[in-house]
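Peer 1: Can you keep this structure in mind? I'll have questions shortly.
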Amino acid sequence: MSKHKFKTEVNQLLQLIIHSLYSHKEIFLRELVSNASDALDKLKYLTLTDESFKKMKFDPRIDIEFDKDKKTLVVKDTGIGMNEEDLVENLGTIANSGTKKFLQQLKPGTAIDANLIGQFGVGFYSIFMVADTVEVLSRKAGEDKAFLWKSSGKGDYEIAEAEQALNGTSITLHLNDEGIEFANKWEIDNIIKKYSNHIPFPIFLHFEEEDKDKKKSRKTEQVNSASAIWKKPKNELKDKDYNEFYKTISHDYDDPLHCIHTHAEGTLQYTTLFYIPKKAPFDLFQVEYKPGVKLYVKRVFITDDDKELLPSYLRFVKGIIDSDDLPLNVSRELLQKNRVLATIKSASVKKILSELVTLSTDKKKYEEFYTEFRKPLKEGLYQDFANRETLLELVRFKSTTETGYTSLSDYKLRMKPDQKAIYYITGENENNLRHSPLLEMYKQKEIEVLILDDEIDEIVVPAVGKYKDIELKSVNRSDAAQDLKTEDEKKTEKEIEPLIKRMAKVLSSEVKEVKASVRLSDSPSCIVADENDPTMQMQHLMKAMGQGNLPDIKPILEVNPTHPIVKKLETLKDDSVFEDITRLLFEQAMLIEGVQIKDPSEFAKRLNRIMEGAL
Ligand code: ADP
């Protein structure tokens, strides 16, 4: 026998589960059954593809037994099993590094949403909510030795050699006070029907029954329907069936937001069943996210860790792809190059996107979807050139004239007759953006501007460039206002050229250029980026992402020729006051944009000098 300590993150996870999942303790059984089903899937695959397993007798099943007096519950499968190494690796550490990172982020003592836990598949460890001690007896298919893993979930576990005639895993829970209610036929029957009805292997429940003479006898009943739900015709399935199946594959407690079931019968035969969850999974933005789609070939499970089954921007979609045309022993490495799969994949993406377009007609439901998944969807604009047009119909933005989100096509309908571009402003804070001086002219001319406050907008929208034939123009850039200038405004600009030159001299090392601007009405100045330069926020973002040695790219200062301060500056003789005010006009414009100024103490000194003069 050998004793082992759990890796620290396992201890952390155990505590977390035990304290946050009490109201959902029944899910331990769903997790055990889904692990058993995965183990059967893995062995089934080997018996179909691997010569050394082909002769093996494979009787896939899951058996559940309980004993109320002894306070035990046993879940047994005839699947792939685990050897000593597997037991240490799978039940003593957390393999999924996404989960590890998630745990590290959690602060001790903070309450977490039970839903969040559900999403990362608490798996095996949830049994410690209902059991004092757990024994896992397992023999790996194709190996002779069996092992017994034993733990009370309190920091360590033991492993010893043991006897077991057949391959597979048998998990015995010694139920605690919280768990004793599960040593009950109706309880188990209910839970299995609720969460595991469509597990494609039979689940047998063994129980004792009394007849009318009080004579007890042992009985066995199959409790699940054991059919691959995705293969059934759509008209035989109800929302309830779809929702139940979703919960077995997603580890989510909630129903999905939307479900998409397709039987394709053309040159290729395949079935897809996709779900859009209500909430984004916690690992959505982690590099090592867990893909949500499983691949089957003729109902045989092939893989659930292929990130290429759907493009990464659709990584929030859960579900199943089952193809009749792929060979069973398709190598997992070669999957990505497989033409059948490529066709299924591209049809699937089109189908999902077109369903989303339909979903978008239900404003409330779509907003629920969009709030959760707008960022990955925007990644799609960048990644998926072939579907860009559809994606452009799916993205929504906040706007200066509308409440909530608006689509580009609605913006287009509201455009002024002579308006040539769709205008947008980018930055990280919606409130700052709404009050930015850059919007003054647009407000005055009653032109709508989209408010883009997701970091990713700054990268994606300029790359897209156009909606239909209309240019997308950032008001943070110098030339955005050019096409809106009137003849009068052009004249005014000309008139203050000498002032502009004098200001440019003062700010020669801070700005690229000083310009007269027509875009301002209430504010005296603003800063913008030159046509092909990154905006100030973008520079900030790039620095935050570690590109610290990026050279400073200077902004352009725009001043408002009709503003009283600017008008008075034109005739100001005192050079030192002129310099102070010019610098202050630049510095306040930086601050309003949310950009740090280089020398705050110099700024304060200047401000004080001007205040003193005014008093
Ligand atoms: P997950 O199922 O999300 O990977 P779990 O904590 O539920 O996480 O299980 C950890 C691992 O232990 C599984 O990935 C699997 O490799 C192994 N395992 C659990 N139960 C069984 C079983 N009944 N048969 C074979 N392997 C199992």
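The values are calculated or read from the model by the stated rules, or taken from the named source; none is laboratory data. Small disclaimer: the values here were computed from a predicted structure and weren't measured. Note that each Cβ is placed from the backbone with ideal geometry, even for glycine, and that neighbours are counted across all protein chains shown. Note: accessible area is taken over every heavy atom of the protein model, side chains too, but ligands, DNA and RNA are not part of it. Shrake-Rupley method; radii C 1.70, N 1.55, O 1.52, S 1.80 Å.
Peer 1: Under the Karplus relation 6.51 cos²θ - 1.76 cosθ + 1.60, θ = phi - 60°, what is the ordered set of whole-Hz ³J(HN,Hα) values for segment 390-400, x standing for Gly and Pro?
Peer 2: Each residue of segment 390-400 in turn: 5, 4, 5, 6, 8, 7, 10, 9, 6, 8, 6 Hz.
Peer 1: If we count every other residue with Cβ under 12 angstrom of P462's Cβ, Lys/Arg +1 and Asp/Glu -1, where does the sum land? Please report the intermediate quantities before stating the final value.
Peer 2: Details: positive: K466, K473, R477; negative: D457, E458, E471, E531, D533.
Cβ neighbours under 12 Å give a net charge of -2.
Peer 1: Given points 7 Å out from each Cα along the Cα-Cβ axis, report the Y382 to K501 separation in nanometres with one decimal.
Peer 2: Result for the modelled spin labels: 4.4 nm.
Peer 1: What is the spin-label model distance, in nm, from E221 to V287 if the labels are put 7 Å beyond Cα along the C-beta direction?
Peer 2: About 5.2 nm, to one decimal.
Peer 1: To the nearest Å, what is the center-to-center distance of segment 290-331 and segment 172-229, using C-alpha atoms only?
Peer 2: Their Cα centres are 31 Å away from one another.
Peer 1: In addition: For a Förster distance of 35 Å, can you work out the FRET efficiency between the beta-carbons of D213 and D241, rounded to the nearest 0.05?
Peer 2: Working: r = 40 Å, r/R0 = 1.14.
The formula returns an efficiency of 0.30 here.
Peer 1: Next question, about the same structure. Given a cut-off of 22 Å, name the pairs among K307/K364; K76/K145; K420/K466 whose C-alpha atoms lie farther apart than that in the structure shown. Working shown, then result.
Peer 2: On the way: K307/K364 31 Å; K76/K145 17 Å; K420/K466 12 Å.
Correct reply: K307/K364.
Peer 1: Computing the accessible area with a 1.4 Å probe over protein heavy atoms, can you report the carbon and sulfur percentage for segment 486-614? Each step should come with its number before you reach the end.
Peer 2: Working: 3970 of 7330 Å².
Here it works out to 54 percent.
Peer 1: Ok, one more. Might you work out the accessible area of T8 for me, using a 1.4 Å probe with all protein chains in place, and round it to the nearest 10 Å²?
Peer 2: Accessible area of T8: about 110 Å².
Peer 1: Keeping every protein chain in place, order W186, W230 by accessible area at 1.4 Å, biggest value first, i.e. largest first. Numbers along the way, then the final one.
Peer 2: On the way: W186 165, W230 0 Å².
From most exposed to least exposed: W186, W230.
Peer 1: At a 1.4 Å probe radius, carbon and sulfur cover how many percent of the accessible area of segment 322-468? List each step's numbers first, then the result.
Peer 2: Details: 3550 of 7190 Å².
Exposed carbon and sulfur together represent 49 percent of the surface.
Peer 1: Next up: Excluding ligands, DNA and RNA, what is the solvent-accessible area per residue of the chain at a probe of 1.4 Å, expressed in Å²?
Peer 2: Details: 30150 Å² over 615 residues.
For the chain, the solvent-accessible area averages 49 Å² per residue.
Peer 1: Compute the signed sum of charges (Lys and Arg +1, Asp and Glu -1) over the other residues within less than 13 Å, Cβ to Cβ, of S508.
Peer 2: +3
Peer 1: Would you kindly state how much longer the chain becomes between T562 and K363 on full extension, computed as 0.36 nm times their sequence separation minus their alpha carbon distance, in nm to one decimal?
Peer 2: Values: separation 199, 0.36 × 199 = 71.64 nm, distance 4.32 nm.
Residue separation times 0.36 nm, minus the Cα-Cα distance, leaves 67.3 nm.
Peer 1: Scan segment 395-499 for trypsin sites (Lys or Arg not before Pro) in coil per DSSP, keeping those whose Cβ has at most 13 other Cβ atoms within 10 Å, and list them by number.
Peer 2: K420, K468
Peer 1: By DSSP, what percent of the beta bridges with both residues in the chain are antiparallel, rounded to the nearest 5?
Peer 2: Details: 70 of 92 bridges.
Percentage antiparallel, nearest 5: 75.
Peer 1: A follow-up question, please. Looking at segment 212-300, which GluC sites (Glu not before Pro) are in a loop (DSSP not H, G, I, E or B) and have at most 14 other Cβ atoms within 10 Å? Working shown, then result.
Peer 2: Numbers: sites: E221, E236, E244, E265, E288; in loops: E288.
Sites meeting the loop and neighbour criteria: E288.
Peer 1: Given the -39500 (n - 2.57) contribution per DSSP H run of 4+ residues, what per-residue ellipticity at 222 nm results for the chain, rounded to the nearest 500 deg cm²/dmol? Can you show the working numbers first?
Peer 2: Details: 21 runs with 229 residues, N = 615.
It comes out at -11000 deg cm²/dmol, rounded to the nearest 500.
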